[in-house]
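See structure below.
The numbers here are math on the coordinates, done by the rules we state, and not lab data. These numbers were taken from a predicted model, which means no experiment stands behind them. All Cβ positions, glycine included, derive from the backbone under ideal geometry; neighbour counts span all protein chains shown.
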Amino acid sequence: MIAFFRYLKGYVRIKVWGFSPERFMNLCSNKNILLWDIKKEDDVYFMCIILKDFFKLRPIVKKTKTKVAVLERCGLPFFVPKLFARKVFLLGLLAALGFWVISSLFVWEISIEGNFYITEDKIKSFLEEKSIYVGMSKSNLDIETLEKELRRNFDIITWTSAKLEGTKLKIVLKENPVSHNIVKVEDFEDGSDLISDVEGKIVSMIVRSGVPKVSIGQQIHKGDLLIEGKIPIYNEDATVRKYRYSRSDADIYAKYTVNVRETLPFAYIKKEYTGREKKQYYVGTAEKIWDLGKIKITYPYYDTLTTQSKPKLLPDLYLPLIYGSFTYREYLNVEHQYSLKEAEIILNEKYAKILSDLEEKGVQIIEKDVRIDTESGKWILEGVLTVVSKIGIEEETVHE
Amino acid sequence: MKKNHVKSNLKKAGKELLVESLKLPGDVLMGDSIVTLTGNKEAWIENYRGIIEYTDSVILLQGKTCQICFEGTGLSINYYTNEDMKIGGLIKSVTYH
């Protein structure tokens, strides 16, 4: 810190020799002149002194009969005139500063956070519709309107926050997937029936509304009527006076079988990289890119790995440029065969997925009978699951 | 002349008595030099009048009550003001004359 202030004020390194250099130093300290880095070589003393104090030395030098010579000039007062002498450098510095200031008036990066259901492309095309794009002037950006428009346009968005951080427009949003997932359920005002969607045996029944047409232990088929929404109202002589139509509501559990079948061909093609690759660098803007140099790709099969970076002056001050590289990696398509062990692992994974999907739906698995076999050039996993689950599809009651 | 010398001696004895009985710091009333040594590489000195001799093996300072001599090798003065000074180098001995 002290060194920095000395640099700001400017200082000189001097050498002192003559009749009484010690007295020279004592007089300096008496006059409150700071000396530092005092060294002695033979009869000559070397020391540093603040530029302003240097001009106070004349009477001391006369009194002590010493001689003083400047060896080195350091600090800002010496640097600034040197700087002004280099006009081109100064112009370059000013131009760079100007470019920095002007480029900071535009938006050079748009980041979107918090979107899970709405894709980034969707939001970006919406922003473009509203004339918000990379390269637009910051003054044309109305953040409050943007937030409102986002909420109005996408029902799923419940909260938005947009802010400018340097040259970056940062949009943070929150979605409410619950409101998005609500499926409009038909209300069946004129009554509904419950129809079987499986073939099996009923194991339990709780009817809250409607007329049950089946009983526990009964064998049912696909399309059988389980609960009828047409409720008869009888006369005193047990004849039907009229029908009241209500919505069927019941928990009916049935035991039925589910067939499982997964296949896996014996052979599969695997990409094997040969290790040969070529790299092509590029620079460009958001609209156009230019390749640096030309390379010829002679590989029969290759894939491309693209990297892209944006230069930034400060953490949030982006420039309207991009740079990066394309890496072309050669590979060969090699045919492999699954061994029984490999096939078992893959098929078991698929099988576990089926089971977990069923359990997620609330299906209780009672019995499993599954085996792995081969069949005309492929591995198969085949079997039957005996399950118990809630059944029934709601359909509108037919009126008479 | 002799009378003056006796007077100043009495004054000095009185000051010492005051410093001792009131437990006042010696450097304030007596003008004693303060020498702070950090290992044998650095010395920080307050309350002195000036430099009498400065070479890279000896630095002789004039204090207010006595002379202080630093002996060593590669001695240099890091800074030098009216208030304090700092000596760097390899200090071998400090003697008072």
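Output the relative contact order of the range A:1-125, whole-number percent, from Cα pairs under 8 angstrom with separation of 6+ residues.
Relative contact order comes out at 31 percent.
Can you give the local net charge around A:Ser246? Use residues other than it whose beta-carbon is closer than 11 angstrom to its beta-carbon, Lys and Arg +1, Asp and Glu -1.
-1
I'd like to verify something in chain A: which complete DSSP H helices, judged by Cα projection on the helix axis, reach 20 Å or more and average at least 1.6 on the Kyte-Doolittle scale?
A:87-103
For the residue pair A:Asp190 and A:Val172, what label-to-label distance in nm results when each label sits 7 Å from Cα along the Cα-to-beta-carbon direction?
So the two model labels end up 5.3 nm from each other.
For every helix of n ≥ 4 consecutive DSSP H residues, a contribution of -39,500 (n - 2.57) applies; sum these over chain A, divide by its total residues, and give [θ] at 222 nm rounded to the nearest 500 deg cm²/dmol.
Helix-only estimate at 222 nm: -7500 deg cm²/dmol.
Can you list the residues of the range A:304-326 with backbone N under 17 Å from a point 7 Å past the Cα of A:Glu287, pointing along Cα to Cβ?
A:320-322
How far apart, in nanometres, would the label points at A:Leu321 and A:Leu355 be if each is projected 7 angstrom from Cα along the Cα-to-Cβ direction?
For the pair A:Leu321/A:Leu355, the computed spacing is 5.9 nm.
Take the alpha-carbon centre of the range A:223-272, take the same for the range A:59-103, and report the distance between them in whole Å.
Result: 92 Å between the Cα centres.
Between A:Tyr268 and A:Ser111, what is the label-to-label distance in nm when each label sits 7 Å out along the Cα-to-Cβ direction?
About 3.8 nm, to one decimal.
Excluding residues fewer than 8 places away in the same chain, name every one of the lysines whose C-alpha is closer than 23 Å to that of A:Lys170.
A:Lys122, A:Lys124, A:Lys130, A:Lys138, A:Lys148, A:Lys310, A:Lys312
Taking the Cβ-Cβ separation of B:Leu90 and A:Val80 as r and a Förster radius of 35 Å, what is the calculated FRET efficiency to the nearest 0.05?
0.30
Applying 1/(1 + (r/R0)^6) with R0 = 45 Å to the Cβ-Cβ distance of A:Arg244 and A:Ser125, what FRET efficiency is obtained, to the nearest 0.05?
With a Förster radius of 45 Å, E is 0.25.
Listing A:Val101, A:Val16, B:Val19 from the residue with the fewest other Cβ atoms within 10 Å to the one with the most, what is the order?
By the 10 Å Cβ count, ascending: A:Val101, B:Val19, A:Val16.
Need the C-alpha centroid separation for the range A:3-47 versus the range A:284-326, integer Å.
Here the answer is 58 Å between Cα centres.
Go ahead and run the numbers for FRET between A:Ile143 and A:Gln308, Cβ-Cβ distance against an R0 of 30 Å, rounding to 0.05.
0.65
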